[in-house]
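Visitor: Here it is, the structure, as structure tokens.
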Amino acid sequence: MDHDRLNSPSTSAISLEVMGHRLHISQDPNSKHLGTTVWDASMVFVKFLEKNSRKGRFCPSKLKGKRVIELGAGCGLAGFDSIGSITVAELDWGNKEHIKAVEPPFDYIIGTDVVYSEHLLQPLMETITALSGPKTKILLGYEVRSTTVHEKMMEMWKSNFIVKTVSKSKMDVKYQHPSIHLYMMDLKAPLIPEVEATDNGNDEEEVVSNPGEDEDPGVKSDSCSGSSPEAKSGGLDDWEIRRCGAMAARLLKDVKL
């Protein structure tokens, strides 16, 4: 990762290689709108999809003809595809008219860093449920910033969805972090018909962990201690530096000068 890709207030563009293509995305971290930033969780998510695209449910042949809706992910990194297949629509969470206009259900619902405030958890869950059908797969990723919001979110999700945590071993070896989590979810019965058939062919690669594995009890400390060999030798790469910056921001958020 090049130094000019660090997500600092002075960074106006992010560059990331995905599926053999280098994406250059303009951003504005100083904006008051959350949709103008390439969030780290979206980078972890899209690199996870890339790593698991050779076989299983995320290979191109399995995804052909599928309908996907992205519920906000900063600059929408994971939703990039051929321009002709993308439709942009207004969707306020919980707005029934907006939900009806996008013509659910969808095969996949994706989003990253859409959970950041407790008061948004209920409308987000209601929107996901309304957009889902019996075979919808929900993939969400986010960075834990508040243990209170995290615990409330997991409580609500587990009451309404079958929640599985993506194992760190299934993520890109570089683009991952203890505070960033990816989840795969399905609607719980009785919303799922009993006659639903599932495709679990031998080429399907399991991408989730065992229950409890990789589950984050809260915000974990970032691996950028000044006592580490990499830090002492100045060998931190740009992704690690970016994560150190995120940790510093959390530590200093309540400090008043």
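Visitor: Report whether or not THR129 is of a type in the set (Ser, Thr, Tyr) and in a helix (DSSP H, G or I).
Guide: Values: of a type in the set (Ser, Thr, Tyr): yes; in a helix (DSSP H, G or I): yes.
Here the answer is yes, as THR129 does meet what is asked.
Visitor: Would you check if MET154 is over 14 Å from the mean Cα position of the chain (by Cα) and within 23 Å of LEU91 (Cα to Cα)? Steps first, please.
Guide: Values: over 14 Å from the mean Cα position of the chain (by Cα): yes; within 23 Å of LEU91 (Cα to Cα): no.
Spelling it out, it is not the case that MET154 is over 14 Å from the mean Cα position of the chain (by Cα) and within 23 Å of LEU91 (Cα to Cα).
Visitor: Follow-up question, since we're still on this one. Mind listing whichever residues of region 153-175 are more than 18 Å from ASP113 (Cα to Cα), surrounded by fewer than 17 Cβ atoms within 10 Å (Cβ to Cβ) and hydrophobic (A, V, I, L, M, F, W, C)?
Guide: Selection gives ILE162, VAL173.
Visitor: If you check VAL195 against the conditions, is it modelled with pLDDT of 90 or more, among the aliphatic types (A, V, I, L, M), assigned to a loop (DSSP other than H, G, I, E, B) and surrounded by fewer than 18 Cβ atoms within 10 Å (Cβ to Cβ)? Walk me through it before giving the result.
Guide: Working: modelled with pLDDT of 90 or more: no; among the aliphatic types (A, V, I, L, M): yes; assigned to a loop (DSSP other than H, G, I, E, B): yes; surrounded by fewer than 18 Cβ atoms within 10 Å (Cβ to Cβ): yes.
No; evaluated as a whole, the condition is false for this residue.
Visitor: Please state which one of ASP186, ASP81 is modelled with pLDDT under 90 and either in the same structural domain as MET43 (by TED's automatic domain parsing) or on the phi > 0 side of the Ramachandran plot (or both).
Guide: On the way: ASP186 fails: modelled with pLDDT under 90.
On inspection, the qualifying residue turns out to be ASP81.
Visitor: A follow-up question, please. Out of all the residues in region 29-47, is one or more at pLDDT below 85, among the aromatic types (Phe, Trp, Tyr), within 16 Å of GLY111 (Cβ to Cβ) and in contact with a Ser or Thr (Cβ under 8 Å, 6 or more places away or on another chain)?
Guide: Yes - at least one qualifying residue is present in region 29-47.
The values are calculated or read from the model by the stated rules, or taken from the named source; none is laboratory data. Computed from a predicted model, the values in this text were never measured in an experiment. Positions of Cβ are backbone-derived with ideal geometry, glycine not excepted, and every protein chain shown enters the neighbour counts.
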